[in-house]
Amino acid sequence: MDTKRCAVDGWVGAIPAPGPRTGTATFVLIVRPADIDALADDAPDTVVACTSGDPRVTHELLNGVLPGEPALLTVDALEVLDTALIPVLREMVLDRYGDYVVIFDPDTDAVPVFTTHGTWVGLADNPDTIATLIDLHERVNGGDA
């Protein structure tokens, strides 16, 4: 894999959590488009689900990021493990349910549900059935997202 250096300006979107492996932390990075002044007022931010295995970054994520407190992190390295095209709709809203991410679309009642690691969980018939779908997924998979 070729290494490419870039700067990403964003903020941690939710309280980080311990990662899937010992010594890791997961977090959501919200990235605002660099040319936001040239875009429409409702231009979407990008939501990036991240995992850190660097002990210094993990320690700061799990101990230094608190609700309502600004977090300033310097990341020494970033490795893109996989990419996917995500359709961007003006009214689409991504929301996080603990270890799960859901996508609300005003044009349909159905709600796609994924783990924060990108694993497909299923399609909830409507927002009221999201918790049931997540509960079923955790029972089948031993509680691990």
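Between residue 40 and residue 93, residue separation times 0.36 nm minus the direct Cα-Cα distance comes to 17.4 nm. On full extension, the segment bounded by residue 54 and residue 140 gains 27.8 nm, given 0.36 nm per residue less the C-alpha separation. Given their separation in residues at 0.36 nm each and the Cα-Cα distance between them, residue 125 and residue 107 gain 5.2 nm when the chain is fully extended. Efficiency by 1/(1 + (r/R0)^6): what FRET value for residue 117 and residue 32, r their Cβ-Cβ distance, R0 = 30 Å, to the nearest 0.05? Computed FRET efficiency for residue 117 and residue 32 comes out at 0.80.
We did not get these values from a lab; they are worked out from the coordinates using the rules stated. Quick caveat: nothing in here was measured; it's all calculated off a predicted structure. So basically every Cβ, Gly included, is an ideal-geometry build from the backbone, and we count neighbours across all protein chains shown.
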